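Working notes, beginning with the structure itself.
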Amino acid sequence: QLQLVGSGGGLVQPGGSLRLSCTASGFTLDYYAIGWFRQAPGKEREGISCISSSGSSTNYADSVKGRFTVSRDNAKNTVYLQMNSLKPEDTAVYYCAAAPNGSSWSCWVDSNLEVWGQGTLVTVSS
């Protein structure tokens, strides 16, 4: 079965950092672009980043640009989201999703997203 497992969420103070992981189970990520998404209570799901299958290309939503960095280690079948300078408004459930189209732009098209992780909660609060 195709599955993504997201992990690394937790409670962090404003200005702090957190690293999320997204690990594939039942398939390899070599040919998949990976997107990161988040959804806060009462808000629509927001796409925040996408990384190409090779890791050579990335793009970000303006809301996180300069603070978040997505990377991948295909040998570990894992994609990471390094979140720095966290703000209370970053509080959300974070999801990863895989797109067979390996382009760094493919994550922004919902129909491309074949597998979704279960989500991990990030709470930014004092």
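The values are calculated or read from the model by the stated rules, or taken from the named source; none is laboratory data. None of the values given here were measured: they were computed from a predicted structure. In this analysis, Cβ positions are derived from the backbone assuming ideal geometry, glycine residues included, and neighbour counts consider all displayed protein chains. Ligands, DNA and RNA are stripped out before the accessible areas are found, and what is left, the full protein with its side chains, is counted by its heavy atoms. Shrake-Rupley method; radii C 1.70, N 1.55, O 1.52, S 1.80 Å.
Values for this structure:
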read-out	value
Count of the range 10-31 residues which are out of contact with any strand residue (DSSP E or B) (no Cβ under 9 Å at 6 or more places or on another chain) and charged (D, E, K, R)	1
Subset of the range 113-123 [under 19 Å from TYR60 (Cα atoms) and open to solvent by 50 Å² or more (accessible area, probe 1.4 Å)]	TRP116
Residue within the range 32-44 that is charged (D, E, K, R), touching a strand residue (DSSP E or B) at 6+ places or on another chain (Cβ under 9 Å) and within 23 Å of ASP110 (Cβ to Cβ) present	yes
Condition broken by CYS107, with the remaining ones in (1) under 12 Å from the mean Cα position of the chain (by Cα); (2) modelled with pLDDT under 95; (3) assigned to a loop (DSSP other than H, G, I, E, B) satisfied	(3)
Long-range neighbours under 8 Å by Cβ, at least six apart or interchain, first residue within 9 Å of GLY35 (Cα to Cα) within the range 88-111, second assigned to a loop (DSSP other than H, G, I, E, B) and basic (Lys, Arg)	TYR95/ARG45
The range 39-50 residues that are closer than 19 Å to VAL79 by Cα, paired with ones that are of a type in the set (Phe, Trp, Tyr) and part of a loop (DSSP other than H, G, I, E, B) (beta carbon under 9 Å, 6 or more apart)	CYS50/TRP105
Residue tally, condition of a type in the set (Ser, Thr, Tyr) and in contact (Cβ under 8 Å) with a residue 40 or more places away in the chain, over the range 60-87	3
Hits in the range 31-43 - residues which are out of contact with any Phe, Trp or Tyr (no Cβ under 6 Å at 6 or more places or on another chain) and either over 19 Å from LEU81 (Cβ atoms) or part of a strand (DSSP E or B) (or both)	TYR31, ALA33, ILE34, GLY35, TRP36, GLN39, PRO41, GLY42
Residues of the range 13-30 satisfying the condition of being open to solvent by less than 20 Å² (accessible area, probe 1.4 Å) and assigned to a strand (DSSP E or B)	LEU20, CYS22, ALA24
Which numbered condition PRO41 fails, given (1) under 18 Å from GLY119 (Cβ atoms); (2) at pLDDT 95 or above; (3) open to solvent by 20 Å² or more (accessible area, probe 1.4 Å)	(2)
